[in-house]
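Worksheet: the structure to be examined is printed underneath.
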Amino acid sequence: MNTHEKLRRIKPRLLNLLLPLAFAISGQAADKPLEFSDLTGKAYTPLLAGEKKAVVLVFVSPFCPTSNAFASEINRIAADYAGQIGFYLIEADAGITPTDVKKHVETMEIKAPVLLDPEQRLVKLTNAKITPEAVVLASNGETLYQGRINDLYASQTKKLKEPKTHDLRAALDAIVAGKPVANPTTKAIGCAISALQ
C-alpha cells in the first residue's frame, strides 16, 4: 500500500476523531447548538439528531448541473428515511443569495429543508468540498458516512444510464439496522463548493 492510499484510508478516521472534539471545544454540542435558517427564516439545528438515528447533510448548489441531476433521488431518499433519519440540504456556495436558493428549491422541487450556510460553517466542520456531497452524522457528531449519493457519475464527464451502487442508501440502511457502515467514505463527484474570499 503506497503512502497516498494510506493517507486516503486514515483521513476518515481522523475526521471521526476530530469532529466530536470540535463540537466539544466549541461548546456547541452541550451549550448552544449551531442554528441555520431556511428561506422563511425558520431556525434548524441540523447537527442534532434528536430522536433520529442520524442526520444527513447534503451539500447542493443551484449552479452545478451534477448536483441538480440528483434532486429527484435526494427527494426520494429524504422521504424513504424520514421517520428515522434527519435530512437537510445545505446551500453554501460563496455569494449565493436567498433568491438563488428560492429559485433552486422551486425549480428542482426540493422537499427537504434547505438551509443557508453563508459563512460555510458546516462546510468547514464537515470538510465538505463538492456538490452534491452527503455527510451522515451520528448524534455524538461522529461522521458515519461521507461522499457520493450513488455512482450515477463515474467521472465529471461520464454519466451512467442508471446507478449501480447506492452508497448513501446503503449507509442509511446500515445505520437504521444498527450496523456499521461498510464503506464510510466514497469520492463525491460534482462541482467544487466555491470558497469565501
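Every number here is computed from the coordinates shown, using simple stated rules; none is lab data. As the structure is a computational prediction, the values presented were derived from the model and not from experiment. A quick note on method: Cβ atoms are made from the backbone with ideal geometry, for glycine too, and the neighbour counts reach across all protein chains shown.
Here are some notes:
- Rounded FRET efficiency, nearest 0.05, which uses the C-beta distance separating GLU109 from GLN84 and R0 of 22 Å: 0.40
- Neighbourhood charge, 14 Å Cβ-Cβ cut-off, centred on LYS103 and excluding it, Lys, Arg +1 and Asp, Glu -1: -4
- Ranked list, fewest to most other Cβ atoms within 10 Å of each Cβ, for VAL135, VAL114, VAL56, VAL176: VAL176, VAL114, VAL135, VAL56
- Amide H partners (placed H, <5 Å) of GLU133, local residues excluded: PHE59
- Among beta bridges from DSSP that stay inside segment 115-197, the antiparallel ones total about 90%.
- Span from the segment 46-102 Cα centroid across to the segment 136-194 one, whole angstrom: 13 Å
- Cα gyration tensor category, rounded, prolate or oblate, for segment 75-152 with a/c compared to 1.5: oblate
- Hz values of 3J(HN,Hα) by residue in segment 32-46 - Karplus curve (6.51, -1.76, 1.60), Gly and Pro given as x: 10, x, 5, 10, 9, 10, 8, 5, 8, x, 5, 8, 10, 10, x
- The gain in end-to-end length when the LYS129 to ARG76 segment is fully stretched comes to 16.7 nm, 0.36 nm per residue minus the alpha carbon separation.
- Within the straight-line cut-off of under 17 Å between alpha carbons, the aspartates and glutamates reachable from LYS159 are GLU73, GLU133, ASP151, ASP167, sequence neighbours fewer than 8 places apart in one chain being disregarded.
- Counted by Cβ distance under 15 Å from GLY190, the other residues give a net charge of -1, where Lys and Arg count +1 and Asp and Glu count -1.
- Listing ARG121, ARG76, ARG148 from fewest to most neighbouring C-beta atoms within 10 Å gives ARG76, ARG121, ARG148.
- Pairs exceeding a 21 Å alpha-carbon distance, out of LYS42/LYS103; LYS103/LYS129; LYS158/LYS187; LYS111/LYS179; LYS129/LYS187; LYS52/LYS111: LYS103/LYS129; LYS111/LYS179.
- Neighbour-count order for LYS52, LYS179, LYS102, LYS161, fewest beta carbons within 10 angstrom listed first: LYS161, LYS179, LYS102, LYS52
- Cα-based shape type of segment 27-171, given that a ≥ b ≥ c are square roots of the gyration tensor eigenvalues and the cut on a/c is 1.5: oblate
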